[in-house]
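Chemist: A single structure is presented below for examination.
What follows is calculated from the coordinates using simple rules that are stated; it is not laboratory data. Quick caveat, the model's predicted, so the values are computed rather than measured. Because the Cβ atoms are built from the backbone with ideal geometry, glycine has one as well, and the counts that use them run over all protein chains shown.
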Amino acid sequence: MRIADKMNYDQVTANLGKNRAEMSDLQNQAATMKRVTKPSDDPLAATRVLATRTEVGAGKQFLKSIAQAKNFLEYSDSSLGELAEVLMRAKELAINQSSDASASAETRKVAGIEIGNLFSQAIQIGNRAQGDRFLFGGFKTKKPPFDPNGNYKGDSGEMKITINKEAKVAMNMPGDRIFLGRSTQEVRLPGPLETIREEFDLRSTDEDQSRLARGPASLTERTIAREAIRATSEMIEENLKKNDIHFPPPLDNNDSVRPKGTNVFKVLNDLQISLKANDKGGVHESLDRLDEALSQVVIARSELGSRTATLNAASDSLQKGAIDAKTLASNLEDADTFQLVSDINQTESTLKASLATSGKLIQPSLLDFLK
């Protein structure tokens, strides 16, 4: 086989280019300390690294939402702690003024003035805001939820934040639930599906009686209608579950009405009126209602604490997940320092050897023998 000079030149150029490319890649890894700097370096590792970075980025957004919700819940809990102190002070005054041995018309009048101040303090707590967002207004966070008389201007909405890919937690508690006990005052109504079925049964009873006289076709029509109602109700039920919408359970024979809640403002206002009117019986009666109001606030605080614990657990889980994801990404893309230095030395020696042998290979030419 005839070896031409051009073939030698091409071979030398290819070998030197390969050695220099390897040295360039190793120098780039040494500069960045990354084994994978582009997808072509290791497609599988690059895919996993991008997935972990996406997961870490989503986790950061979840952590921001959790931090905001925690501040909202903790401030709400602190405000309810003040409300509990207000109710405890009102109860203390009521106990002192419920007996003729330790109270008189004058002392009750003075205590009534203090109860009025406590009423105003409770209104201020109900209108507590974090930044420009009111805590207890439901979805209506831009305006004070309570007027000076204790009337609620907000709604019953709960602002839910996503804490991971599958879970949500409400970051607020509506004021009508805490201060008015409204969520426990609603009468249980039949659910939407039961209403559909009952309306069809009641409406179809008389109609079907007349249709039965016309023959089997009426039975077929009724069967088709019932199947249509069943399919429609199942579709509604599926959509309600999908959108996480819940209705009060249907009526039953044993428990048709929920227990009533306590209007905190009304309790304080009634106590104030009883004290100023020197009504010892009214003052004594307010003790049980104050206990109910205090219990209502304690239950609300416990729920807020439960939500805060959920957020703390979610935050810890996200932080641990971020550390695990970064560790995995580091194992996939970071360069091994000792291996990298060894490869650089080996490639450098190979390059020097290629340069030395290439010089000897291409040095002799036809002109050297024609001189």
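Chemist: Report, by chain and number, residues whose modeled amide H sits under 5 Å from the one on residue 334, excluding near sequence neighbours (fewer than 5 apart, same chain).
Modeler: For residue 334, whose amide H was placed from the backbone, the distant partners under 5 Å are 35.
Chemist: Spin-label point model (7 Å from Cα, Cβ direction): what's the residue 8 to residue 344 distance in nm?
Modeler: Taking the two extended label points, one gets 3.5 nm.
Chemist: What are the ³J(HN,Hα) values, in whole Hz, obtained from phi via the Karplus relation 6.51 cos²θ - 1.76 cosθ + 1.60 with θ = phi - 60°, for each residue of segment 62-71 in sequence order, with x given for Gly and Pro?
Modeler: Result, rounded to whole Hz: 4, 5, 5, 5, 5, 4, 5, 5, 4, 4.
Chemist: In whole Hz, with x marking every Gly and Pro, tabulate ³J(HN,Hα) for segment 47-60 from phi via Karplus 6.51 cos²θ - 1.76 cosθ + 1.60, θ = phi - 60°.
Modeler: Per-residue couplings from phi come out as 5, 5, 5, 5, 5, 5, 5, 4, 5, 5, x, 5, x, 5 Hz.
Chemist: Here is a follow-up. Scan around residue 155 for amide H atoms under 5 Å from its own, H built in the peptide plane at 1.01 Å from N, and keep only partners 5 or more places away or cross-chain.
Modeler: HN-HN under 5 Å from residue 155: 138, 139, 140.
Chemist: Roughly what would the spin-label model give for residue 117 and residue 42, points 7 Å off Cα along C-beta, in nm?
Modeler: In this crude spin-label approximation the distance works out to 7.1 nm.
Chemist: Computed FRET efficiency, Cβ-Cβ of residue 143 and residue 104, R0 30 Å: what is it to the nearest 0.05?
Modeler: 0.10
Chemist: If each residue of separation counts as 0.36 nm, what is the full-extension length gain between residue 273 and residue 92 once their alpha-carbon separation is subtracted?
Modeler: Working it through step by step, the gained length comes to 63.5 nm.
Chemist: Cα centroid distance between segment 63-77 and segment 265-306, in Å?
Modeler: Segment 63-77 and segment 265-306 have Cα centres separated by 29 Å.
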